[in-house]
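Presented below is the structure to which this report refers.
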Amino acid sequence: MNDDMELVRDMELVREYAARQSEQAFETLVSRNVGLVHSAALRQLRDPHQAEEITQTVFIILARKAGSLNPKTILPGWLYRTTRYVSGAALKIQRRRERREQEAQMQAVIQESQTDPAWEQISPLLDEAMANLRDKDRDAIVLRYFQNRSLRDVGAALGVDEYAAQKRVARALEKLRTFFVKRGIDSTTATVAGAISANSVQVAPVALAKAVTAVAIAKGAAASTSTLTLVKGALKIMAWTKTKTAIVASVVALLGIGTTTVVVEALLPVPEIQGTWEGTSDLPGWGVQAGQSPKTQVVLKIRETNGDYQVTADMISQGVKDVPFSSSTYQFPHFHGEIPRLHASYDGTVNRAGTVISGTVHFFYSVPNTNYFESLVFQRTDHPTPFPEPLTDAEFAPRAGSDLQGYWKGMIGTGKNALHIEFKIAEPSDGTFRADFYSLDQDTNRQPTSVSYDGTTVRIMPMAGFGMFQGGLLNGGKEMSGDWIQNGQRIRTTFTRTN
């Protein structure tokens with residue numbers, strides 16, 4: 001049975017159980033989702049025994065409500081939300097009892113089981129962050145990263161195509177990342193996604209599924225007093241949540257048709273985004289040292305004419321200027337742009353002051369499993385980093401008094417994987433350097449480059465930080481020999497002066 005059939009079957013099994021009280025159908029539902037529910041409860045309650053009771057409670061509620069669930073319900077999302085409600089009820093009881101020893105016990109379990117530093121940071125805040133998402137965003141994250149479903153499956157469950165599902169997942173991830181940043185956890189969307197995917201759902205205790213099924217099918221008749229108390233408390237929370245939503249909708253309707261003088265967010269002036277913005281984006285590939293990533297400064301130039309937006313970007317560290325956005329839309333607070341030249345798109349959120357755009361750039365590649373996201377935050381600026389213009393022939397022509405100025409060629413590596421490299425160095429009379437670097441086998445883009453020379457050691461590094469050369473001059477200044485350093489590794493390399 002494939003994944004999208006399993007998504008469809010979830011609600012078919014719910015209907016089968018509701019209509020015929022099929023124990024087999026309910027047992028299948030429990031076995032599929034018990035890990036999701038138990039892991040969420042464990043994070044929130046911090047006690048293994050209470051987590052098992054929460055899990056049992058959630059499935060009792062499912063058994064009781066099976067006949068009233070909307071056929072379009074995405075069951076994993078519904079179970080995740082219900083776990084949040086039940087855990088909330090349990091936490092009230094826990095606080096009244098002041099069971100500090102259980103918290104200490106769970107902390108020991110967490111410290112023993114967690115090895116991912118990113119997960120250790122976001123785990124205590126994850127469920128609160130998820131609670132701040134809209135239902136469809138939360139469902140998308142649960143399906144994609146809690147249950148590791150494909151984007152095609154996520155789209156099928158949400159009733160959209162794969163591309164739209166990708167967009168929703170990207171926006172939801174950025175909202176989670178922003179939530180964590182506001183609480184002092186600085187991370188990328190890729191790191192957040194990886195940590196959730198690898199750690200959010202753990203295998204539940206072996207006997208738990210059978211115990212949960214037996215009690216839930218009886219709709220709690222054999223459950224303990226504390227479990228029944230949790231069921232009652234959770235159902236109250238769920239009912240109040242639904243009532244609160246209806247009240248908010250009514251208030252919005254009244255604001256829409258009345259003559260109220262209350263100033264609501266929607267009536268405030270929409271901030272203008274025309275102008276210049278700057279941010280720093282990670283790039284694919286390795287940096288100089290192991291674990292480093294190359295980066296580029298991005299200057300975004302936005303011009304608005306009668307509601308239409310023309311946008312270009314300068315990739316400062318890559319020497320690429322005026323990259324056009326083929327389409328750009330802005331409907332506060334959402335900004336979206338397509339960038340065909342880079343096989344990428346950008347989705348951002350504009351703050352109320354109109355000074356920051358926080359979002360995610362999504363790179364698309366034809367090679368399977370190579371698409372990826374990077375967070376990119378733009379700050380409005382009147383003084384963007386100037387674009388480094390290419391060197392002219394006169395600027396890098398060899399001259400007396402400069403050991404380095406000129407045109408150099410060489411190869412990094414050997415054999416079929418070797419890269420042909422060319423670079424131009426200019427040394428103005430003030431003793432500073434400017435340089436352009438070209439990797440001919442990879443692309444024709446110029447890489448603005450920094451150079452330093454103390455009379456003995458030459459250091460050359462593209463501004464983006466893909467790697468660097470370190471060496472010295474040989475053969476009367478006609479050769480430059482040393483190491484190309486990338487990802488912490490060294491490759492013996494020689495460059496030769498040429499015309």
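Read-outs: derived from the displayed coordinates by stated rules, not from any lab. The model shown is predicted, which means the values in this text are computed figures rather than measured ones. Here the Cβ positions follow ideal geometry from the backbone for every residue, glycine too, while neighbour counts run over all protein chains shown.
With every atom except the alpha carbons ignored, what do you get for Rg and Dmax of the range 145-192, in angstroms?
Radius of gyration, then largest Cα-Cα span, for the range 145-192: 12.2, 36 Å.
When the convex hull of the C-alpha atoms of the range 393-498 is computed, what volume per residue in Å³ does it have? Please report the intermediate quantities before stating the final value.
Numbers: hull volume 11.0 nm³, N = 106.
Once divided by residue count, the hull of the range 393-498 is 104 Å³.
What is the distance in Å between the Cα centroid of the range 306-320 and that of the range 66-87?
Each part's Cα centre sits 44 Å from the other's.
What size of dipole, in debye to the nearest 20, comes out for the range 275-380 about its Cα centre when the only charges are +1 on Lys and Arg C-beta atoms and -1 on Asp and Glu C-beta atoms? Don't jump to the answer; show the numbers that get you there.
Values: 7 positive and 9 negative charges, 31 e Å.
Its charge dipole is roughly 140 debye.
Which ³J(HN,Hα) values, rounded to whole Hz and listed in residue order, are derived for the range 345-355 from phi using the Karplus coefficients 6.51, -1.76 and 1.60 in 6.51 cos²θ - 1.76 cosθ + 1.60 with θ = phi - 60°, glycine and proline given as x?
Computed from phi, the couplings for the range 345-355 are 9, 10, 10, x, 10, 8, 6, 4, 6, x, 10 Hz.
In the range 138-179, if the dipole is taken from +1 on Lys/Arg beta carbons and -1 on Asp/Glu beta carbons about the Cα centre, which of 178, 154, 166 is farthest to the positive end?
Sorting the options by dipole projection puts first 178.
Hey, which of these cross-link pairs are over 29 Å Cα-Cα: 175/232; 92/182; 72/232; 72/175; 65/136; 321/478?
Numbers: 175/232 32 Å; 92/182 26 Å; 72/232 25 Å; 72/175 25 Å; 65/136 21 Å; 321/478 33 Å.
Beyond 29 Å: 175/232; 321/478.
So what's the range 329-430 giving for Rg/Rh, alpha carbon basis, Kirkwood Rh from the mean inverse pair distance?
So for the range 329-430, dividing Rg by the Kirkwood Rh gives 1.16.
Looking at 343, 275, 363, which one has the Cα that reaches farthest to the positive end of the dipole of the range 275-380 (charges on Cβ: Lys, Arg +1; Asp, Glu -1)?
Farthest towards the positive pole: 275.
Place a point 7 Å from the Cα of residue 385 along the Cα-to-Cβ direction; which residues of the range 304-325 have their backbone N under 16 Å from it?
Backbone N within reach: 313-323.
Once a ≥ b ≥ c are taken as the square roots of the eigenvalues of the Cα gyration tensor of the range 275-380, is the result rounded (a/c under 1.5), prolate (a/b larger than b/c) or oblate (a/b not larger than b/c)? Walk me through the numbers before you get to the answer.
Details: a/c = 1.77, a/b = 1.57, b/c = 1.13.
Cα axes put the range 275-380 in the prolate bin.
If you find the alpha carbon centre of the range 450-494 and of the range 21-39, how far apart are they in angstrom?
Their Cα centres are 60 Å away from one another.
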